[in-house]
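One structure below.
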(Lines give C-alpha, C1' and ligand atoms only; values in the text may rest on other atoms or scores of the structure.)
Protein backbone atom coordinates (compact mmCIF):
# COMPACT_ATOMS: atom_id res chain seq x y z
CA UNK A 1 0.00 0.00 0.00
CA UNK A 2 1.38 3.35 -0.97
CA UNK A 3 0.08 6.80 -0.29
CA UNK A 4 1.69 10.17 -0.53
CA UNK A 5 0.58 11.36 2.93
CA UNK A 6 3.68 9.89 4.55
CA UNK A 7 5.98 11.75 2.14
CA UNK A 8 8.19 8.66 1.96
CA UNK A 9 9.39 7.06 -1.26
CA UNK A 10 7.33 4.21 -2.63
CA UNK A 11 8.58 0.68 -2.10
CA UNK A 12 9.74 -0.79 -5.42
CA UNK A 13 7.41 -3.43 -6.83
CA UNK A 14 8.85 -6.61 -8.28
CA UNK A 15 6.51 -7.59 -11.12
CA UNK A 16 7.15 -11.32 -10.79
CA UNK A 17 6.14 -11.17 -7.12
CA UNK A 18 2.66 -10.11 -8.24
CA UNK A 19 2.14 -13.35 -10.11
CA UNK A 20 2.17 -15.51 -6.97
CA UNK A 21 -1.26 -15.22 -5.42
CA UNK A 22 -2.69 -13.28 -8.36
CA UNK A 23 -1.96 -9.85 -6.86
CA UNK A 24 -2.88 -6.55 -8.46
CA UNK A 25 -1.51 -3.04 -8.30
CA UNK A 26 -4.10 -0.33 -8.81
CA UNK A 27 -3.98 3.40 -8.41
CA UNK A 28 -5.85 6.59 -9.03
CA UNK A 29 -5.35 10.30 -8.63
CA UNK A 30 -8.25 11.76 -6.67
CA UNK A 31 -7.28 15.25 -7.79
CA UNK A 32 -8.64 14.45 -11.26
CA UNK A 33 -12.14 14.13 -9.82
CA UNK A 34 -12.21 17.49 -8.05
CA UNK A 35 -12.09 19.43 -11.29
CA UNK A 36 -15.19 17.70 -12.67
CA UNK A 37 -18.44 18.72 -10.98
CA UNK A 38 -20.31 15.78 -12.49
CA UNK A 39 -17.95 13.33 -10.79
CA UNK A 40 -17.99 14.97 -7.39
CA UNK A 41 -21.51 16.35 -6.91
CA UNK A 42 -23.42 13.06 -6.61
CA UNK A 43 -20.72 11.53 -4.43
CA UNK A 44 -20.71 14.49 -2.04
CA UNK A 45 -24.52 14.42 -1.79
CA UNK A 46 -24.44 10.69 -1.03
CA UNK A 47 -21.66 11.19 1.50
CA UNK A 48 -23.61 13.89 3.36
CA UNK A 49 -26.75 11.71 3.34
CA UNK A 50 -24.81 8.80 4.87
CA UNK A 51 -23.39 11.06 7.57
CA UNK A 52 -26.80 12.59 8.32
CA UNK A 53 -28.43 9.15 8.60
CA UNK A 54 -25.70 7.91 10.92
CA UNK A 55 -24.71 5.13 8.52
CA UNK A 56 -21.27 6.69 8.17
CA UNK A 57 -19.38 8.06 11.13
CA UNK A 58 -15.78 9.23 11.12
CA UNK A 59 -13.29 7.57 13.44
CA UNK A 60 -12.08 10.28 15.81
CA UNK A 61 -8.67 9.17 16.98
CA UNK A 62 -7.64 12.10 19.14
CA UNK A 63 -8.97 15.48 20.18
CA UNK A 64 -6.46 18.19 21.04
CA UNK A 65 -7.20 21.53 22.68
CA UNK A 66 -6.62 24.35 20.22
CA UNK A 67 -3.79 25.55 22.46
CA UNK A 68 -1.96 22.30 21.64
CA UNK A 69 -2.11 22.74 17.86
CA UNK A 70 1.68 22.42 17.49
CA UNK A 71 1.66 19.11 19.42
CA UNK A 72 -1.25 17.93 17.29
CA UNK A 73 0.64 18.74 14.12
CA UNK A 74 3.77 16.95 15.37
CA UNK A 75 1.72 13.83 16.21
CA UNK A 76 0.24 13.78 12.71
CA UNK A 77 3.63 14.27 11.05
CA UNK A 78 5.16 11.53 13.21
CA UNK A 79 2.35 9.16 12.12
CA UNK A 80 1.37 8.67 15.79
CA UNK A 81 -2.34 9.13 15.14
CA UNK A 82 -5.17 6.97 13.87
CA UNK A 83 -8.48 8.17 12.50
CA UNK A 84 -9.37 11.82 12.36
CA UNK A 85 -7.49 14.22 14.59
CA UNK A 86 -9.38 17.31 15.67
CA UNK A 87 -8.66 20.60 17.40
CA UNK A 88 -11.31 21.72 19.89
CA UNK A 89 -11.24 25.41 20.86
CA UNK A 90 -13.49 24.71 23.87
CA UNK A 91 -10.98 22.47 25.66
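The values are calculated or read from the model by the stated rules, or taken from the named source; none is laboratory data. None of these values were measured; they are calculated from a predicted model. Ideal geometry is used to build each Cβ from the backbone, glycine not excepted, and the neighbour counts take in all protein chains shown.
Which of the residues that make up the range 17-66 are surrounded by 11 or more Cβ atoms within 10 Å (Cβ to Cβ), over 22 Å from residue 82 (Cβ atoms) and touching a residue at least 12 places away in the same chain (Cβ under 8 Å)?
Within the range 17-66, no residue meets the criteria.
Are any residues in the range 67-90 touching a helix residue (DSSP H, G or I) at 6+ places or on another chain (Cβ under 7 Å) and free of Cβ contacts under 8 Å to residues at least 40 places away in the same chain, and if so, which ones? Walk me through it before giving the result.
Just the residues of the range 67-90 that are touching a helix residue (DSSP H, G or I) at 6+ places or on another chain (Cβ under 7 Å), to begin with: 79, 81, 85, 87-89.
81, 85, 87, 88, 89, listed by residue number.
Given (1) under 16 Å from the mean Cα position of the chain (by Cα); (2) modelled with pLDDT of 90 or more; (3) within 22 Å of residue 8 (Cβ to Cβ), identify the lone condition not met by residue 86.
Unmet for residue 86, out of (1) under 16 Å from the mean Cα position of the chain (by Cα); (2) modelled with pLDDT of 90 or more; (3) within 22 Å of residue 8 (Cβ to Cβ): (3).
Do you know which of the residues in the range 58-83 that are part of a loop (DSSP other than H, G, I, E, B) and touching a strand residue (DSSP E or B) at 6+ places or on another chain (Cβ under 6 Å) is modelled with the highest pLDDT?
81
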